[in-house]
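Trainee: Let me begin by handing over the structure; questions about it come next.
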Amino acid sequence: GKRIAVMTSGGDSPGMSGAVRAVVRKTLDSGGISYAVYEGYQGLVDGGDMIKEMRWEDVRGWLSAGGTLIGTARCMAFMERAGRLTAANNMIEKGIDALIICGGDGSLTGADKFRAEWPSLMDDLVSTGRRKKHEVEHHRHLNIVGLVGSIDNDLSGTDATIGCYSSLERICQSIDCIDATAFSHKRAFVIEVMGRHCGWLALMAGVSCGADFIFCPENPPSENWQEDMCSIIKKHREMGKRKTIVVVAEGAHDRQLNPISPNMVKDLLSRKDGLALDTRVTTLGHVQRGGSPCAYDRMLATLQGVEAVKAVLDSTPDTPSPVICMVENKIVRKPLVDAIAKTKEVAANIARKDFEAALKGRDAE
Ligand code: F6P
């Protein structure tokens, strides 16, 4: 049977362990041999026990686990060709030439580069005497399949990344908790949420919790956002609202790309000559990332993990590496390189202050 390895890479997200479980079990179900690479790319470079054969029962209970039970890391050695050569050697030692990776866009880009380089790595293994010619003969092609695991929901081409809805749920629960205390004291809270360069978590959490104002990088506020925000909040207060919630994405900035920080917002809301609100800042931090995955993420991880194994079994040397996506409630395969290129295009438009183009890029998806 086919030997298929699964790995998690980059920041963990709820549902990653469920994705590993699905890949392991579908591999075994299809008559293959399953391996898990521990500690991300580092495990691939270290080899040995870090690439572990997995049995059906090894992943029991993993569907409801938070984080990733096979570990993850940011690996410097894999950035160097020497590291990738060692990784390739470790894989050949175990007869593995198919790798399913669950991670963010950086991890998936690295994987596709590894695939492109693979034939030349095989040549190097033979020419440096680390492998005999016949050992690499059946492994001339590396199969890569991507699964998108990230709380940020920051990949173009998929409606949801594995983990984003669990994170959103946790943020909403946290804001509900804050709501109660804010109401009691008639306070304002400025809540910073994660998302790196992407405002999806901030926007969806703000909508779901009825926030008074939301700052996210894709749609920076107008020049005079200070007055706008204060007049909206003033109006809400005049209507009898006892609490104020402002959600700020980690990467929020104005149209000139100057960062908008939670403390700046707090200072504005608490100004004695302005709204004079008793204001606190809460940075939700990594509670947004850990914890048990919600039902949607368990389902996404399972269906996509199964599809990833199917994609490995269907692939030919000419098939471009796929990434498994969710589009309008259907699990689909898309060329990995295209999905990442589109994601980068939106980010580049934001960096060029071309916000209209950035929004169009998203809407076109
Ligand atoms: O990509 C996931 C994420 O949680 C982002 O939202 C955040 O910007 C980043 O990772 C934090 O990274 P670290 O956990 O390495 O500090």
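Trainee: From the list ALA82, ALA111, exactly one residue is away from the ligand (no atom under 16 Å from the Cβ) and touching a residue at least 40 places away in the same chain (Cβ under 8 Å). Which is it?
Mentor: Only one candidate qualifies: ALA111.
Trainee: Have a look at ILE100, ILE70 and point out the one that is in contact with a Phe, Trp or Tyr (Cβ under 6 Å, 6 or more places away or on another chain) and β-branched (Val, Ile, Thr).
Mentor: ILE70
Trainee: So which residues in segment 320-359 are β-branched (Val, Ile, Thr) and surrounded by 14 or more Cβ atoms within 10 Å (Cβ to Cβ)?
Mentor: Scanning segment 320-359 gives VAL323, ILE324, ILE331, VAL332, VAL337, ILE340, THR343, VAL346, ILE350.
Trainee: Right, here's the next one. Select from segment 244-259 the residues that are within 16 Å of the ligand (Cβ to nearest atom) and under 13 Å from PHE213 (Cβ atoms) and list them in ascending order.
Mentor: Result: VAL247, VAL248, ALA249, ALA252.
Trainee: From the list LYS272, LYS310, which one is touching a Lys or Arg at 6+ places or on another chain (Cβ under 9 Å) and either part of a loop (DSSP other than H, G, I, E, B) or more than 16 Å from the ligand (Cβ to nearest atom) (or both)?
Mentor: Numbers: LYS272 fails: touching a Lys or Arg at 6+ places or on another chain (Cβ under 9 Å).
Checking each option against the conditions leaves just LYS310.
For every residue, the table says whether it meets (1) surrounded by fewer than 22 Cβ atoms within 10 Å (Cβ to Cβ); (2) of a type in the set (Ser, Thr, Tyr); (3) not in a loop (DSSP other than H, G, I, E, B).
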| site | (1), (2), (3) |
| --- | --- |
| VAL6 | no, no, yes |
| GLY11 | no, no, no |
| VAL20 | no, no, yes |
| LYS26 | no, no, yes |
| SER34 | no, yes, yes |
| GLU39 | yes, no, no |
| GLY43 | no, no, yes |
| GLU53 | yes, no, yes |
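Trainee: Tell me yes or no: at least one residue of segment 7-14 is more than 16 Å from the ligand (Cβ to nearest atom) and at pLDDT 95 or above. I'd like the intermediate steps shown before the answer.
Mentor: Taking segment 7-14 and keeping what is more than 16 Å from the ligand (Cβ to nearest atom), we get 7.
Next, only the ones that are at pLDDT 95 or above stay: 7.
Yes - at least one qualifying residue is present in segment 7-14.
Trainee: Okay, next question. Out of segment 211-223, which residues are under 21 Å from ILE151 (Cα atoms) and either assigned to a strand (DSSP E or B) or of a type outside the set (D, E, K, R) (or both)?
Mentor: If the condition is that a residue be under 21 Å from ILE151 (Cα atoms) and either assigned to a strand (DSSP E or B) or of a type outside the set (D, E, K, R) (or both), then ALA211, ILE214, PHE215, CYS216, PRO217, ASN219 are the ones that fit.
Trainee: Check segment 184-197 and report whether any residue there is more than 16 Å from the ligand (Cβ to nearest atom) and part of a helix (DSSP H, G or I).
Mentor: yes
The values are calculated or read from the model by the stated rules, or taken from the named source; none is laboratory data. Keep in mind it's a predicted model, so treat the numbers as computed, not measured. Positions of Cβ are backbone-derived with ideal geometry, glycine not excepted, and every protein chain shown enters the neighbour counts.
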